[in-house]
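The values are calculated or read from the model by the stated rules, or taken from the named source; none is laboratory data. Computed from a predicted structure; not experimentally measured. Here Cβ is always computed from backbone atoms with ideal geometry, including for glycine, and neighbour counts include all displayed protein chains. Protein only, heavy atoms only, side chains kept; ligands, DNA and RNA dropped before computing areas. Shrake-Rupley method; radii C 1.70, N 1.55, O 1.52, S 1.80 Å.
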Amino acid sequence: MSAVLVGLVSAKGSPGVTTSALALASQWPRLALFLDADPFGGDVRAGLGGGDWPPAAGLAELVVDLRNTNLDQALNRRVHRPAPHAPPVLAGLGCVGQSASVPWSQLGSSLARIHAADVVADCGRFALVDGVEPLLRTCDALVLVTTSSLRAVRSAARISPQLQKAAGVEPGDPRVSLMVVAADEPYSAAEIAEGCRLPLLGDMPKDAGAAAVWSDGARPGRSFARSALQRTAGRMAERLAGVVSSGSAT
Ligand SMILES: Nc1ncnc2c1ncn2[C@@H]1O[C@H](COP(=O)(O)OP(=O)(O)O)[C@@H](O)[C@H]1O
Ligand SMILES: [Mg+2]
């Protein structure tokens, strides 16, 4: 069985892509690697890692390794699992502009062929230029992450056709879906999904305590595994994994 590659992306602002992608990877029904593919610079070293990350454990080093070694060996060297509650992580780029030197399309296709783990990619903010559109094209499913303000929803609606185009799917296909973070402030998740013409994967509750574990490396408390964020991520991960496995069967 080859791996499934799922990408999370935002339209604008900072709705919680990194947090939600880490939560999904941690709750994925199989082992899932978290790939920090934010083209504007990765956050996990300073965030989840709290600034304490092996210096050579990241995507830029993996890309160099791939000139001489195969992907499995390169992943073995460059993936780091920062804590028992965290998924294995390939940390992202350190410099703005580095994204242009990453062969995203080739990397995505290679990752889709690994056996040991699925991949949840944090693709950051969507951009046609200087973004990771070639990686998005290789994903089996894409999730557009948005908050529920009118500004956020308008920018999400603007890029949803581009995501469907990148994925090669028609509007309504669950392989390009929507995640609403902190819905009802003021628009409901269902209203936003309709406005964006995207199927709703789900709404991620506001849960600052659990979110800080992923975004800022806060120490997880005893109730972290049962937190609203983690439980919701578990349900979304199941649903998304189901969509992808049925999509790949067609
Ligand atoms: N579900 C959530 N509930 C509460 N706060 C959240 C949630 N998701 C993210 N956050 C917070 O929002 C901020 C931005 O999150 P982050 O994941 O870095 O966003 P992005 O990757 O879209 O820039 C962080 O402070 C994070 O803790
Ligand atoms: Mg981020």
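Figure legend. Inter-residue proximity from the range 41-54: first residues farther than 17 Å from Arg78 by Cβ, second residues away from ligand 2 (no atom under 16 Å from the Cβ) and modelled with pLDDT of 95 or more, beta-carbon distance below 7 Å, spacing 6+ or different chains. No pairs are indicated. Of all residues being among the small types (Gly, Ala, Ser) and touching a Leu at 6+ places or on another chain (Cβ under 7 Å) in the range 59-90, which is farthest from Val132 (Cα to Cα)? Just the residue, please. Here the residue is Ala86. Scanning the range 25-47 for residues that are open to solvent by less than 30 Å² (accessible area, probe 1.4 Å), among the hydrophobic types (A, V, I, L, M, F, W, C) and within 11 Å of ligand 2 (Cβ to nearest atom) yields Ala37, Val44. Among the residues of the range 132-147, those that are closer than 30 Å to Pro186 by Cβ and away from ligand 1 (no atom under 14 Å from the Cβ) comprise Leu136, Ala141, Leu142.
Among the candidates Pro205, Pro186, Pro199, Pro171, single out the residue that is more than 9 Å from ligand 1 (Cβ to nearest atom) and open to solvent by less than 50 Å² (accessible area, probe 1.4 Å). Result of the check over Pro205, Pro186, Pro199, Pro171: Pro199. For Phe126, the stated conditions do not hold, so it cannot be described as open to solvent by 10 Å² or more (accessible area, probe 1.4 Å) and touching a Gly at 6+ places or on another chain (Cβ under 9 Å).
Every residue, every condition in (1) under 30 Å from Ser2 (Cα atoms); (2) touching a residue at least 12 places away in the same chain (Cβ under 8 Å); (3) part of a helix (DSSP H, G or I), yes or no:
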{"site": "Arg137", "(1), (2), (3)": "yes, yes, yes"}
{"site": "Ser148", "(1), (2), (3)": "no, yes, no"}
{"site": "Ser155", "(1), (2), (3)": "no, yes, yes"}
{"site": "Gln162", "(1), (2), (3)": "yes, yes, yes"}
{"site": "Pro186", "(1), (2), (3)": "no, yes, no"}
{"site": "Gly195", "(1), (2), (3)": "no, yes, yes"}
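Starting from residues that are crowded, with 24+ Cβ neighbours inside 10 Å and of a type in the set (Ser, Thr, Tyr), keep the ones in the range 7-24 and report whichever is nearest to ligand 2 (Cβ to nearest atom). Here the residue is Thr18. From the list Val143, Val89, exactly one residue is touching a His at 6+ places or on another chain (Cβ under 9 Å) and within 24 Å of Gly202 (Cβ to Cβ). Which is it? The match here is Val89.
Among Asp65, Asp72, Asp130, which is the only one that is modelled with pLDDT of 95 or more and either over 30 Å from Leu200 (Cβ atoms) or not aliphatic (A, V, I, L, M) (or both)? Spell out how you get there, then give the answer.
Numbers: Asp72 fails: modelled with pLDDT of 95 or more; Asp130 fails: modelled with pLDDT of 95 or more.
Of the residues listed, the single one that is modelled with pLDDT of 95 or more and either over 30 Å from Leu200 (Cβ atoms) or not aliphatic (A, V, I, L, M) (or both) is Asp65.
Filtering the range 103-123 to residues that are out of contact with any Phe, Trp or Tyr (no Cβ under 9 Å at 6 or more places or on another chain), within 9 Å of Leu5 (Cα to Cα) and buried (at least 19 other Cβ atoms within 10 Å of the Cβ) leaves Gly108, Leu111.
Would you be able to say whether some residue in the range 104-126 is away from ligand 1 (no atom under 16 Å from the Cβ) and farther than 25 Å from Val243 by Cα?
There is no residue in the range 104-126 that is away from ligand 1 (no atom under 16 Å from the Cβ) and farther than 25 Å from Val243 by Cα.
Please go through the range 208-224 and give me each residue that is more than 9 Å from ligand 1 (Cβ to nearest atom) and in contact (Cβ under 8 Å) with a residue 24 or more places away in the chain, ordered by number.
Gly217, Pro220, Phe224
Of all residues in the range 140-158, those being open to solvent by 10 Å² or more (accessible area, probe 1.4 Å) and touching a strand residue (DSSP E or B) at 6+ places or on another chain (Cβ under 7 Å) number 4. Residues in the range 5-54 that are at pLDDT below 95 and in contact with a Lys or Arg (Cβ under 9 Å, 6 or more places away or on another chain) were compared, and the one that is nearest to ligand 1 (Cβ to nearest atom) is Gly13. Considering (1) touching a residue at least 40 places away in the same chain (Cβ under 8 Å); (2) open to solvent by less than 10 Å² (accessible area, probe 1.4 Å); (3) more than 11 Å from ligand 2 (Cβ to nearest atom), the lone condition that Asp72 does not fulfil carries the number (2).
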